[in-house]
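Contents: one structure, followed by commentary.
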Amino acid sequence: RGDVFTDDIAIPSQEVWSTYPPTPPTPDQLKLKRTGLTPAERAAALDRLAAYVEYKRDHLLGYQINSDMNGYAEDLSRFLRTHINNIGDPFQDGGLKVNSKVVEQAVLDYFAELWHGKPYVQADKESCWGYSLSMGSTEGNMYALWNARDYLSGRRLLGEEESDQAGALTYASPQDATADNRAYQPVVFYSEDTHYSFNKAVRVLSLPTFGELGRDLYKNECPINNGVWPDEVPSALPETSNPDERYSTFGPGSIDVDKLVVLVDFFARKGHPIIVSLNFGSTFKGAYDPVREVSDRLLPIFHANGLIDREIHYGHGRRTDHRRGFWIHVDGALGAGYVPFLAKAAKEAKYGYNPDAPVPEFDFGLRSRHVPEHGEPVELDMVASIVVSGHKWMGAPVPCGIFATKVKYQMQPPSKPDYIGSLDTTFAGSRNGFSPIVIWDHIAKNPDDRQITQATHAQRMSAYLVDRLVQVEQYRKAKFNEDSLFIDRTPLAITVRFRRPGARLVAKWSLSTVSLRMRPNDDSSIRHIAHVFLMPSTTQEQIDAFTADLYAYDAFDPIEPQSA
Ligand SMILES: COC(=O)[C@H](CCSC)/N=C/c1c(COP(=O)(O)O)cnc(C)c1O
């Protein structure tokens, strides 16, 4: 049966075999009738759907999804007989007792320690609080920006309940938070390689990017672009002497720290609190923003502009708060799941792993130190929040993930819905109680040694794919006199990018593609690029089968796919 890579595909009925590769059930088969469907109709539709998704699963190379479902069906199918809902705060049992919060807590403690933080203790403001996401990292990133916005706008911290207004949660604002007071107008920075969910999140939160605020308040004053404000921080340029390639589109995909520093300094001098979101395993190039360098270079700016320790006054006899005027978030949707294990592998010779580049720091353990010309040295933990997707590196049958911050950054929730018996400290109402069990089961089955093996394997498979693509490129140049395949891989990335194949192969292997104008205003520089992610479930056989497809004479013809 061609290149199917798994033997757990149910042998479909003759009807399903009518098409190969399997196609989805037809609209007629799926049409929901008022009379319902007969068992035979349901079986036919579901059989065909199973054959289709399992075939596509075994050919999924283009997205950062671990397709290895890790025996969940055997271990966890019994939990599909129960609605498990973790509504409310993970650390408060609440009124709905059919929950898996004890499991969620174990998972949160695991990530707190993996990311060099302390497991949650309510009274310990340096310990980590978090929750299991019912969506993926989009939810976690949106929550992080919401938390940062309210923290920097001077909203009340959790634990500072207004005793004089029993029951009614006040979304209190500082007494000097007037509309024109920039001290409570946070501004967010993220690079041009950032996931599109951030553009969505800043809309939902009415949180201005530095570009918007610049155009609004500081017209034509942009310090990096002849006065014109870009929407996102430029990404780094490639290390090349070729002037035709001195553009970030040819670069590694990580943020340009020099430009970030200049932009942040501009707004910090204007008195704005600062939110910086850093990618850690970026969506298309798999790049890692240098969290260590960003933290070390921004701390002096925060110090010089009074953003280390700000007093927030609420008046009416309320207690004065002390808090920071900056927030660094790490979008570790992909990388926060495996880079800790690359770091462990690089540290211990027994793993025989010599990384192509230094394994980057990114988590709660990262501290920066600044010695000012005058006054005392300052040393701080710099990362305020981290997000990881559960369905990417770890592999889960549904979108999920983990958000983590520290107790000292937690905000009072907007309301106190007594009827859930818990504080409403998360983004969702009902919360998926199955996902924490999946993540727990994954971690329980994958001790550090196995995680290290998977993380170093992905590095090796990424290098292997580059080699196989180079062979394809050499063959096609000789045989068909074709141009470069634009093969590229950012150091330590678990993705490789190359010229987009024809639509048939893009559909067959579920490749993610992008069309990039490599040089501004130069349509002749447009490149159609695809990428493959090398996940724990990606096998050498899949890579060989995929690259074998690229030798066909029409592999790069832009023909429409024959089937979904
Ligand atoms: C085109 O590929 C994507 O959009 C994938 C999600 C699909 S594969 C799981 N990336 C999602 C992503 C997200 C959003 O994560 P999800 O909401 O879990 O999809 C956040 N941050 C980064 C760096 C991401 O790459």
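The values are calculated or read from the model by the stated rules, or taken from the named source; none is laboratory data. For clarity, every value in this text was computed on a predicted model and none was experimentally measured. Here the Cβ is made from the backbone with ideal geometry for all residues, glycine too, and neighbour counts use every protein chain on show. Calculation scope for accessible area: heavy atoms of the full protein, side chains included, ligands and nucleic acids excluded. Shrake-Rupley method; radii C 1.70, N 1.55, O 1.52, S 1.80 Å.
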**Request:** Run down the lysines and flag those whose C-alpha is under 28 Å from the C-alpha of LYS347, throwing out any fewer than 8 positions away in its chain.
**Result:** LYS118, LYS285, LYS392, LYS406, LYS445
**Prompt:** How much of PHE79 can a 1.4 Å solvent probe reach, expressed as accessible area in Å² and rounded to 10?
**Reply:** 70 Å²
**Prompt:** If you take all C-alpha pairs in region 332-398, what percent of them are over 17 Å apart?
**Reply:** 59 percent
**Prompt:** Considering only ALA172, GLN474, ASN432, whose Cα is most displaced toward the positive end of the charge dipole of the chain, charges sitting on Cβ of Lys, Arg (+1) and Asp, Glu (-1)?
**Reply:** ASN432
**Prompt:** Taking the alpha-carbon set of region 436-525, what are its Rg and Dmax in Å?
**Reply:** 17.9, 53
**Item:** Bins of 5 Å from zero: percent of alpha-carbon pairs in region 68-132
**Value:** 4, 17, 19, 20, 18, 14, 6, 3
**Residues with amide H under 5 Å from that of ARG500, placed H, sequence gap 5 or more** = HIS528, ILE529, ALA530
**Hydrodynamic radius (Kirkwood) for region 243-374, which is based on Cα pairs only, to one decimal in Å** = 17.2 Å
**Request:** Work the Kirkwood hydrodynamic radius out for region 137-274: mean of 1/r over every pair of different alpha-carbon atoms, inverted, in Å.
**Result:** 16.9 Å
**Percentage relative contact order, region 399-547, counting C-alpha pairs under 8 Å, at least six apart** = 18 percent
**Message:** Leaving out ligands and nucleic acids, and using a 1.4 Å probe, what accessible area per residue does region 99-209 come to in Å²?
**Reply:** 40 Å²
**Fill in**
Once amide hydrogens are built 1.01 Å from N within the peptide plane, the residues lying 5 or more places from PHE189 or on another chain with amide H under 5 Å from its amide H are ILE275, VAL276, SER277
**Prompt:** Accessible area, 1.4 Å probe, largest first: how do HIS374, HIS329, HIS303 sort?
**Reply:** HIS374, HIS303, HIS329
**Request:** Would you please classify the overall shape of region 327-462 from the alpha carbon gyration tensor, given that a ≥ b ≥ c denote the square roots of the eigenvalues, rounded means a/c under 1.5, and beyond that prolate means a/b larger than b/c while oblate covers the rest?
**Result:** oblate
**Message:** With every protein chain left in place and a probe of 1.4 Å, what is the accessible surface of LYS416, to the nearest 10 Å²?
**Reply:** 90 Å²
**Fill in**
A correct Karplus calculation of ³J(HN,Hα) over region 187-201, with 6.51 cos²θ - 1.76 cosθ + 1.60, θ = phi - 60°, whole Hz and x for Gly and Pro, returns 10, 10, 10, 8, 7, 5, 8, 6, 4, 4, 5, 6, 4, 6, 5
**Message:** Using a 1.4 Å probe on the protein heavy atoms only, what accessible surface does SER515 show? Give it in Å² to the nearest 10.
**Reply:** 70 Å²
**Request:** Provide the descending list of Cα extents for region 408-564 along its principal axes, expressed in whole angstroms.
**Result:** 71, 44, 35
**Euclidean distance of C-alpha centroids, region 221-283 and region 472-528, integer Å** = 25 Å
**Item:** Of all DSSP beta bridges in the chain, antiparallel share, percent nearest 5
**Value:** 70 percent
**Complete:** Taking placed amide H atoms and a strict 5 Å upper bound, the residues 5 or more places from SER254 or on another chain that come that close are ALA236
**Prompt:** Which shape class applies to region 203-299: rounded if a/c is under 1.5, otherwise prolate when a/b exceeds b/c and oblate if not, where a ≥ b ≥ c are the square roots of the Cα gyration tensor eigenvalues?
**Reply:** prolate
**Message:** Quick check: convex hull over the Cα atoms of region 282-358, volume per residue in Å³, rounded to an integer?
**Reply:** 157 Å³
**Asked** How long are the three semi-axes of the equivalent ellipsoid for region 392-472, computed from the Cα gyration tensor as the root of 5 times each eigenvalue, in whole Å, largest first?
**Response** 39, 15, 13
**Message:** Show me, for region 36-48, the HN-Hα J-couplings you get by feeding each phi into the Karplus relation (A = 6.51, B = -1.76, C = 1.60, θ = phi - 60°), rounded to Hz, glycine and proline as x.
**Reply:** x, 10, 6, x, 5, 5, 5, 4, 4, 5, 6, 4, 5
**Fill in**
Percent antiparallel among DSSP beta bridges confined to region 275-395, rounded to 5, stands at 45 percent
**Complete:** Expressed in angstrom, Rg and Dmax over the Cα atoms of the chain are 25.4, 81
**Item:** Cβ-based charge dipole, the chain, positive-most Cα from LEU505, TRP229, PRO243
**Value:** LEU505
**Complete:** Burial-style ranking of 256-264, 172-180, average other-beta-carbon count within 10 Å with highest first, yields 256-264, 172-180
**Request:** Mind checking which lysines have their Cα closer than 30 Å to the Cα of LYS31? Skip sequence neighbours fewer than 8 apart in that chain.
**Result:** LYS56, LYS508
**Asked** Among the lysines, which have Cα under 24 Å from the Cα of LYS97 when same-chain residues fewer than 8 positions away are ignored?
**Response** LYS416
**Request:** In whole Hz, with x marking every Gly and Pro, tabulate ³J(HN,Hα) for region 516-525 from phi via Karplus 6.51 cos²θ - 1.76 cosθ + 1.60, θ = phi - 60°.
**Result:** 10, 7, 5, 10, x, 6, 10, 5, 6, 8
